[in-house]
1. Given H placed 1.01 Å from N in the peptide plane, which residues other than close sequence neighbours of F297 have an amide H under 5 Å from its amide H?
2. Considering the dipole of the range 28-404 built from charges on the beta carbon (Lys and Arg +1, Asp and Glu -1) around the Cα centre, which of Y146, S290, F95 is farthest to its positive end?
3. Around S111, what is the net charge, scoring Lys/Arg as +1 and Asp/Glu as -1 over all other residues with Cβ under 14 Å from its Cβ?
4. Suppose we keep just the DSSP beta bridges with both residues in the chain; what percent of those would be antiparallel, to 5?
5. Using only Cα atoms and rounding to the nearest 10 degrees, what angle (0 to 90) does helix 2-25 make with the longest principal axis of the chain?
6. Which Cα, out of L367, N236, A42, lies furthest along the positive dipole direction of the chain (beta carbon charges, K/R +1, D/E -1)?
7. Please give the FRET efficiency for Q144 paired with E365, using the beta carbon to beta carbon distance and R0 = 35 Å, rounded to the nearest 0.05.
8. For Cα pairs less than 8 Å apart in space and 6+ apart in sequence, what is the mean separation divided by the residue count of the chain, i.e. the relative contact order in percent?
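Laboratory data are not the source of any read-out in this text; all were calculated from the coordinates shown. The model shown is predicted, which means the values in this text are computed figures rather than measured ones. Note that each Cβ is placed from the backbone with ideal geometry, even for glycine, and that neighbours are counted across all protein chains shown.
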Amino acid sequence: MQKNICILLAIACFCFSLNSQAQKNNELPVQTITALSPHWLALQQTKDSIQNNDVLNEQILDLVQVLIVDSVMTKKTQRHRVAGKATMLIELLGFNWRVIETEKQKYIGTSSRWTGIPNELFKEYDLNFDIVPHLDPYINLAHQGYLAQKKINKGTCKQRKAFKKNSPPYTLPNDDTDLQVYKVHCELTPATPEYWPALDTLFYPTLTKNELEEHHNFSSNAPSIGMYGPFVSDCNHSCHPEIHPYEWIWWLNLDKNQSIDREVKQWIVGLFTDGSYRLRDWQQGPRSGSIEIPFVFELNKSDSLLVHIKHLVHNETFDGSSIAKVNLPNQAEKMNYTEKTYTLKHPQLEGKIIQLTTNKMIDQEGLQMAFKNLDYDENKQLISGYLYLAASVSHLYTAEITFKQ
């Protein structure tokens with residue numbers, strides 16, 4: 001009898017321990033801060049306000065933090081991949097992509113042109129954005145790219161005249177400079193053809209030749225966008241600067257035609273391998289990386305923040321063996337659920353919660369999430385933080401992330 005009681009007590013203690021651990025895992029510690037920065041406060045603006053202000057939009061996009069595991073490129077050039085001796089000829093003639101920065105770069109700006117260019121000869125199906133920067137760090141980065149072009153001494157007739165005149169973008173801008181000249185070409189052949197129909201429907205125009213504003217994830221033909229990837233000179237053309245390939249891409253969906261509230265923030269994010277395999281030495285193995293999406297929770301409006309992650313187009317299998325290289329935070333966890341509630345751990349935030357939902361369960365180690373760096377601005381009654389996503393895929397992972405109160 002005594003033995004049975006001991007067994008029952010042990011089982012009860014074990015169950016209590018599991019329940020306590022589960023509760024602990026669902027608690028999000030929040031620290032008090034003096035005040036949020038203006039760029040974080042911009043997340044309170046309505047979609048209309050953000051849509052009409054490229055600088056504001058880009059400042060919000062710049063809050064996003066991204067990482068790719070193989071971010072350092074040891075090989076300085078890459079070239080087109082063709083059959084036979086043509087590859088050697090291409091190399092001898094100097095037609096290649098050349099590293100400007102050995103570490104992959106984040107780049108933020110507003111699109112001035114979008115094109116989809118199939119090329120059967122080189123097995124390309126490039127989806128290209130020309131991105132014009134309005135924030136100083138990215139104006140400076142673009143300028144650095146154009147200085148690299150000038151040093152190589154290769155360009156169009158118009159560019160060579162600008163070399164000689166020492167005019168923008170080969171100098172830094174002044175207040176009267178048209179920033180269009182600092183545009184950076186951002187290029188990718190997304191994954192492999194089997195994914196293109198779904199991308200076209202769910203992510204961005206891939207097969208159709210419609211304007212961006214005709215796709216439900218965009219609000220105009222000139223959206224502000226964040227990119228991350230190799231920053232290189234494209235010497236297959238005029239050695240102009242490019243992000244090629246963009247491996248992370250993200251933007252705010254400001255579509256005015258959506259039924260969702262104007263104050264709801266919806267993000268579209270994508271992690272990609274380049275499907276043309278031209279740049280294989282800069283993309284070895286799975287794409288393993290993370291993205292951190294910012295949010296602000298206004299306590300005066302609600303006791304809860306609703307977060308919905310809609311998994312869009314992605315690999316069937318996520319690489320669990322490579323995800324550890326991302327240096328996951330301690331609180332990261334698999335997404336093997338469709339609904340989960342987190343309580344905010346702070347003396348002044350009793351009863352405040354974050355309700356997370358997903359459109360489907362993905363029970364794999366190679367896709368994980370967490371909430372990070374939660375701060376409480378007592379004066380403004382605001383909670384800010386990041387939704388952290390990490391993925392390791394052979395081809396792609398794309399998602400729609402919605403924050404609503």
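1. Here the answer is I383, S384, since their amide H atoms fall under 5 Å of that of F297.
2. Of Y146, S290, F95, it is F95.
3. That sum, taken over residues with Cβ under 14 Å, equals -4.
4. Antiparallel: roughly 85 percent of the beta bridges in the chain.
5. 40
6. Projecting each Cα onto the dipole axis, the largest value belongs to N236.
7. 0.35
8. 21
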